[in-house]
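The values are calculated or read from the model by the stated rules, or taken from the named source; none is laboratory data. Since this is a predicted model, take the numbers as computed values, not measurements. Please note that ligands, DNA and RNA were not included when accessible areas were found on the heavy atoms of the full protein model with its side chains. Shrake-Rupley method; radii C 1.70, N 1.55, O 1.52, S 1.80 Å.
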Amino acid sequence: MFLVNSIIMRAVLDVLFIAAAVFLLLVLLQAEFGSIPNAIKKVSSALGFNITNGNASMSTTSEASSSGNSTSVTVITTPHINQSSLANYTLQLINKDREQYGLAPVKLSNTPSAQQHSNEMLYYDYFSHWNLLGMKPYMRYTLLGGTGSVTENVAYESQEQCTAVNCSGTLNPEQALQSMEYSMMYNDSICCNNGHRDNILNPNHNEVSIGVAYNSSNIYLTEDFINNYTIWRGNTPSFGSNGEIYLHGTLSQGYKIYQVYVSFDPPLVNLTRHTVPSGPYSYGSDIAGIVSGPLYFYKNISTVVADVYNVAGENFTINFNIENLIKKYGPGEYTEMMILNNTGTGSSFVGSTYTIFINRQGLQYVPKAV
């Protein structure tokens, strides 16, 4: 009984001690910051949290980096931006343009590739389809979990007014988004040979990842249009340490596999805001075609006979090895491209891409390795 009473008394004393410590802390914070709410905001900000109207969210502004044998993409976020509402507003503009030409609407993708790129361009003050690690859109798309194929639009607008003392602006993001979408649709021929317009009006697109990042005078818009017609199985697409690529899935009804290629890009080179390329991008060089048996071959590129090539209706299981390609071409980025055919229209297009990063010592980064 005495032991129980002692434990209870010790617990009461502990509670009183904690309460006294909390009270003292609040008094000190109030003295330092003027009020308890201000103190909470200051401390939360120091810890990397934004608190607005009672809602807290994590915000990071770290640089993307590449070092040693690993490749990382740090997601850079910009605070105090309602990115969801701006993305949905842009989606409405896109689908309005598509509707005028009799095209089905695209839905918003959960892949954050577009927002990541807009955030990085704003943070580092550059404008390009490449990021500062030297990655093209389809490479970043793989790293951020995308399993379809992506074609990117980027746009930029500045309303900055500078004096001898400083620069300022009063940018309206919705007006700027409307202006950029209109320019890509109707003023695109001179700068870009209507590439942005054609991307918006591509009938094969069924999703879009949208990224909007801005400050008081500059705004960046990224539209990553996506072809996503595959339900993947067994944690694929994936790549094994033995050089095997695994593609197991089911296509949407009315689509079939037309061809499978492998393309190659030279090793990544870190860039700066002054050295990023301008203008359009393209896939790497086609280096191999994948075939189901030894009776088939490609003339101008290597032929790889698949270890497994089973296609039954919309279901497919394809495994093939690229170890010999890696030995031949060395370090770089190897991208599997699955070409699909729309059996209704007869059109063919890139239905999925999957990029593997190889460095001089061997495997550098493998999304979803088995």
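Mind checking which aspartates and glutamates have their Cα closer than 15 Å to the Cα of Lys107? Skip sequence neighbours fewer than 8 apart in that chain.
Asp97, Glu99, Glu207, Glu223, Asp224
Please list Tyr141, Tyr123 in order of solvent-accessible area, largest first, computed with a 1.4 Å probe with all protein chains present.
The ordering from most to least exposed comes out as Tyr123, Tyr141.
Give or take rounding to whole Å, what are the principal axis extents of the alpha carbon atoms in the stretch 230-292, in descending order?
45, 32, 22
When only alpha-carbon atoms are used, what values of Rg and Dmax, in angstrom, describe the stretch 106-153?
Here Rg and the maximum Cα pair distance are 10.6, 30 Å.
Determine the relative contact order of the stretch 133-246: mean sequence separation of Cα pairs under 8 Å and six or more apart, normalised by residue count, in whole percent.
For the stretch 133-246, the relative contact order is 30 percent.
Largest first, what is the accessible-area ranking of Asp265, Asp307 with a 1.4 Å probe? Show your work: numbers first, answer last.
Working: Asp265 10, Asp307 100 Å².
Sorted by accessible area, descending: Asp307, Asp265.
Suppose the chain between Tyr182 and Gln100 were pulled fully straight at 0.36 nm per residue; how much longer would it get relative to their current alpha carbon spacing?
Numbers: separation 82, 0.36 × 82 = 29.52 nm, distance 1.32 nm.
Once the chain is fully extended between Tyr182 and Gln100, it gains 28.2 nm.
Using Cα-Cα distances under 8 Å and only pairs 6 or more residues apart, what relative contact order does the stretch 288-353 have, in percent?
19
Using the Cα atoms of the stretch 87-187, I'd like the radius of gyration and the largest Cα-Cα distance, Dmax, both in angstrom.
Values for the stretch 87-187 (Cα only, Rg and Dmax): 15.7, 51 Å.
Working from the alpha-carbon coordinates of the stretch 164-284, get Rg over Rh, Rh being the Kirkwood radius.
1.06
Relative contact order for the stretch 256-319: what is it in percent, counting Cα pairs under 8 Å that are at least 6 residues apart?
28
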